[in-house]
Amino acid sequence: MIWAIATFSQNMETETSGKNRITDFQKAKRVLKRFYKQIGKDFYCGCEFEKDDEELGRFKIKQESCGLQARKDPKRQTWIEWEHIVPAYSFGKNRECWTKPNCEVNAKILKGRKCCSATDPEFNLIEADLHNIVPVPGEINADRGIYPFGEIDGEPRAYGLCDFEVNFKESLAEPKPEIRGDIARIYFYMEWRYQIPIPEGKRELYLAWHKADPPDTFEIRKNEIIERLQKIKNPFVEGEIPLP
């Protein structure tokens with residue numbers, strides 16, 4: 001796996017320079033698809049996936065590789081989608097483009113995120129930050145929505161063997177322990193880089209996750225590669241900005 005990451009890094013560093021710089025979400029997804037084509041596992045469940053020859057540009061999940069099941073939407077749970085750990089709503093909701101009542105682009109009225117994506121270059125850069133985007137099963141992406149992450153007591157699993165829970169009443173999602181530190185460090189990075197506040201009441205929990213689940217080799221190597229591609233690293237992964 002580390003060999004595949006290194007090969008990807010060498011190939012992509014020149015392709016994302018100059019005019020090919022990653023400036024919007026669509027470009028970010030194209031880069032990430034090439035990266036995860038080498039790795040082939042989703043972030044939330046660890047499911048293997050592969051390029052689908054029938055659905056061009058999409059990755060199909062090998063559900064038998066991880067015991068993944070659908071809660072309600074088997075079709076959407078078939079595919080990999082690209083999830084923002086810190087949701088676009090968190091860094092878009094207070095922008096003028098998100099709340100603009102009459103956002104017309106190419107004779108179409110757009111609202112919220114679509115307006116920001118079409119009219120706000122700064123929003124596009126934040127939305128395209130590779131540190132904040134991971135591949136996940138489609139239905140879980142939809143169910144998590146804009147919920148913050150936390151710990152859920154006694155919540156039954158709804159996605160087969162995948163260790164991911166969503167409490168819709170409490171508007172909360174719980175990831176498996178092995179990725180909680182990764183998630184915490186992404187939140188701290190987005191706060192440091194873009195001044196996006198940590199969800200209310202979650203700072204101490206995310207600090208605890210950061211300490212309990214330190215960066216592994218994959219997270220460290222991925223951080224190094226993203227730094228080469230977009231010229232900025234997540235300093236919390238390498239401990240350059242120590243958290244209390």
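Summary table below
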read-out: Given (1) in a helix (DSSP H, G or I); (2) touching a helix residue (DSSP H, G or I) at 6+ places or on another chain (Cβ under 7 Å); (3) surrounded by fewer than 20 Cβ atoms within 10 Å (Cβ to Cβ), number of the condition LYS37 does not satisfy; value: (2)
read-out: Close pairs from region 151-172: first on the phi > 0 side of the Ramachandran plot, partner polar (S, T, N, Q) and surrounded by 14 or more Cβ atoms within 10 Å (Cβ to Cβ), Cβ under 6 Å, at least 6 apart; value: GLY160/GLN69
read-out: Flag for LYS27 being more than 30 Å from THR119 (Cα to Cα), of a type in the set (Lys, Arg) and not in a strand (DSSP E or B); value: no
read-out: Criterion: part of a loop (DSSP other than H, G, I, E, B), surrounded by fewer than 15 Cβ atoms within 10 Å (Cβ to Cβ), free of Cβ contacts under 8 Å to residues at least 60 places away in the same chain and not small (Gly, Ala, Ser) - qualifying residue of GLU200, GLU204; value: GLU200
read-out: Residue ID - nearest to the chain's Cα centre (by Cα), chosen from residues in region 93-152 that are over 30 Å from LYS176 (Cβ atoms) and among the acidic types (Asp, Glu); value: GLU122
read-out: Close pairs from region 85-110: first under 22 Å from MET190 (Cα atoms) and open to solvent by 90 Å² or more (accessible area, probe 1.4 Å), partner part of a loop (DSSP other than H, G, I, E, B) and hydrophobic (A, V, I, L, M, F, W, C), Cβ under 8 Å, at least 6 apart; value: TYR89/ILE146
read-out: For PRO214: the one exception among (1) without any contact (Cβ under 8 Å) to a residue 24 or more places away in the chain; (2) of a type outside the set (Asp, Glu); (3) part of a loop (DSSP other than H, G, I, E, B); (4) over 26 Å from LYS93 (Cβ atoms); value: (1)
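The values are calculated or read from the model by the stated rules, or taken from the named source; none is laboratory data. Being a predicted model, the structure only gives us computed values, none of them experimental. Ideal geometry is used to build each Cβ from the backbone, glycine not excepted, and the neighbour counts take in all protein chains shown. These area figures cover heavy atoms from the full protein model, side chains too; ligands, DNA and RNA do not enter into them. Shrake-Rupley method; radii C 1.70, N 1.55, O 1.52, S 1.80 Å.
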